[in-house]
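The values are calculated or read from the model by the stated rules, or taken from the named source; none is laboratory data. Just so we're clear, the structure is a prediction, and the values are computed from it rather than from any experiment. Here the Cβ is made from the backbone with ideal geometry for all residues, glycine too, and neighbour counts use every protein chain on show. Side chains are part of the model used for accessible areas, which takes the heavy atoms of the whole protein and leaves out ligands, DNA and RNA. Shrake-Rupley method; radii C 1.70, N 1.55, O 1.52, S 1.80 Å.
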Amino acid sequence: MKRVLITGAAGFLGSHLCDRFIAEGMHVIGMDNLLTGSLSNIEHLFPLEHFEFYHHDVSKFVHVPGHIDYILHFASPASPIDYLKMPIQTLKVSSLGTHNLLGFAKVKNARILVASTSEVYGDPLIHPQKEDYWGNVNPIGPRGVYDEAKRFQEAITMAYHNFHGLETRIVRIFNTYGPRMRVEDGRALPAFFSQAIRDEEITVFGDGSQTRSFCFVDDLVEGIYRLLMSDYHLPVNIGNPEEISILDFAQEVINMVGKGRLAFRPLPMDDPKQRRPDITLAQELLGWNPRVGRKEGVAKTYEYFKKVVV
Ligand code: UDP
């Protein structure tokens, strides 16, 4: 039986990955320090014979007994508000944490996939973003702790591949949404849904003309699974290229919930003005395409938020 270690297992993406690898018939070892993750995302897995959980911070030495075939490194705060609250942990998990896991992968002779991000492109001057774009990142701005840690993560992952011959995969994840996002996460979609459901002001930062491209979590997980099983070690964008302004997105949420008033707030520093993945590489390499349109995905996510927003 294949055995897979998933870090950040109690988080939004990590928990969906645990579900997927269990469904593939693998033994899943989840690891999380529960800084931003929540056990409620994986409690349905605890009764399973082929799921184990380690409450551990991957920034510290990592050890798990027995063989490991695959490692997926998904531990990290992932919301701009969290970077401000936890800047040192954000830096450590993708630098020291990645180093620990690469060393662990080497010892176990395992294949490792690391979660990188569209943030490596910073506030991009090229649109849409292709993998060969080097980015426009402010290293000392509020997002620098995340962006630079993820850029370091890519560099050290490539070094382990080139120097040690380790089997590595790098996915650059664009904005993703779906059930199990944290209600108080501060990102656009959880903020807008919780505000609309509570009949509070919908906080649009700036004039809302900045764009994002939102991918439903099931599509993302499919892309990641295919990349892990491929033999390609360079970074691959996974995301949905359907682009929308934040103002239009807020309006879509208001229309769906049937209430909510727009309120404009100052634009946070270094907030990227536009973001859309070029997914030609993923299409050609993995035969992958996002399947869930925003309307369907946002409706499914609304069902989740209706249950958890109080
Ligand atoms: N945003 C907003 N109101 C909020 C939260 C976010 O207008 O309450 C904007 C934010 O300024 C950014 C976009 O929505 O332009 C997406 O922000 P998010 O925090 O979801 O992730 P990012 O893509 O910036 O990492």
### Task
Compute the whole-percent fraction of alpha carbon pairs in the chain spaced more than 26 Å apart.
43 percent
### Task
Pop out the carbon and sulfur fraction of the accessible area of the chain as a percent, whole number, probe 1.4 Å.
55 percent
### Task
Using DSSP to define loop residues, name the trypsin sites (Lys or Arg not before Pro) in segment 251-307 whose beta-carbon has at most 16 other beta-carbon atoms within 10 Å.
LYS259, LYS273, ARG291
### Task
May I ask you to compute the full-extension gain from SER209 to ALA23, defined as 0.36 nm times their residue separation minus their alpha-carbon distance, rounded to one decimal in nm?
62.9 nm
### Summary
Distance in nm between ASP132 and HIS63 label points, each 7 Å along Cα→Cβ, equals 4.6 nm
### Message
Can you work out the Karplus-derived ³J(HN,Hα) for every residue in segment 97-109? Use 6.51 cos²θ - 1.76 cosθ + 1.60 with θ = phi - 60°, whole Hz, and x for glycine or proline.
### Response
x, 5, 4, 4, 6, 5, x, 5, 4, 5, 4, 8, 6
### Query
Which whole-number value in Å² is the accessible area per residue of the chain, probe 1.4 Å?
43 Å²
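Please list MET31, MET269 from largest to smallest accessible area, probe radius 1.4 Å, with all protein chains kept in place.
Greatest to least solvent exposure: MET269, MET31.
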#### Entry: Relative contact order of segment 68-227, defined on C-alpha pairs under 8 angstrom at six or more residues apart (%)
25 percent
### Summary
If the chain between LYS300 and LYS273 were fully extended at 0.36 nm per residue, the gain over the current Cα-Cα distance would be 7.0 nm
### Query
Using 1/(1 + (r/R0)^6) with R0 = 25 angstrom and r between the beta carbons of GLU200 and SER40, what's the FRET efficiency to the nearest 0.05?
0.60
### Message
I need the P(r) histogram for segment 93-159: all alpha carbon pairs, bin width 10 Å from 0 out to the longest distance, whole percents.
### Response
21, 46, 25, 8, 0
### Task
Averaging sequence separations of C-alpha pairs under 8 Å and six or more residues apart, then dividing by the length of the chain, give the relative contact order as a whole percent.
17 percent
#### Entry: Hz values of 3J(HN,Hα) by residue in segment 71-76 - Karplus curve (6.51, -1.76, 1.60), Gly and Pro given as x
10, 10, 9, 10, 7, 3
### Message
Let me check against my output: what whole-number percent is the relative contact order of segment 6-159, with C-alpha pairs under 8 Å and at least 6 apart?
### Response
21 percent
### Summary
Bounding extents of segment 257-310 in its principal axis frame from Cα atoms, largest first in Å, are 42, 32, 17
### Query
Quick one: what do you get for segment 62-102 if you divide its Cα Rg by 2.2 N^0.38 Å?
1.38
### Query
Once the Cβ-Cβ distance between ARG261 and LYS85 is put in as r, and R0 is 35 Å, what FRET efficiency do you end up with, to the nearest 0.05?
0.80
### Message
Given a Förster distance of 41 Å, report the FRET efficiency between ALA159 and VAL310 from their Cβ-Cβ distance, rounded to the nearest 0.05.
### Response
0.30
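Rounded to the nearest 500, what is the chain's calculated 222 nm mean residue ellipticity when only DSSP H runs of at least 4 contribute -39500 (n - 2.57) each, over all residues? Write down the numbers at each step before the final one.
Working: 9 runs with 118 residues, N = 310.
Only helices count here, giving -12000 deg cm²/dmol.
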### Query
What list of ³J(HN,Hα) values in whole Hz, one per residue of segment 153-159 in order, does the Karplus curve 6.51 cos²θ - 1.76 cosθ + 1.60 (θ = phi - 60°) give from phi, with Gly and Pro shown as x?
4, 4, 5, 6, 5, 5, 5
### Query
Which pairs break 23 Å Cα to Cα here: LYS106/LYS130; LYS150/LYS273; LYS259/LYS300?
LYS106/LYS130
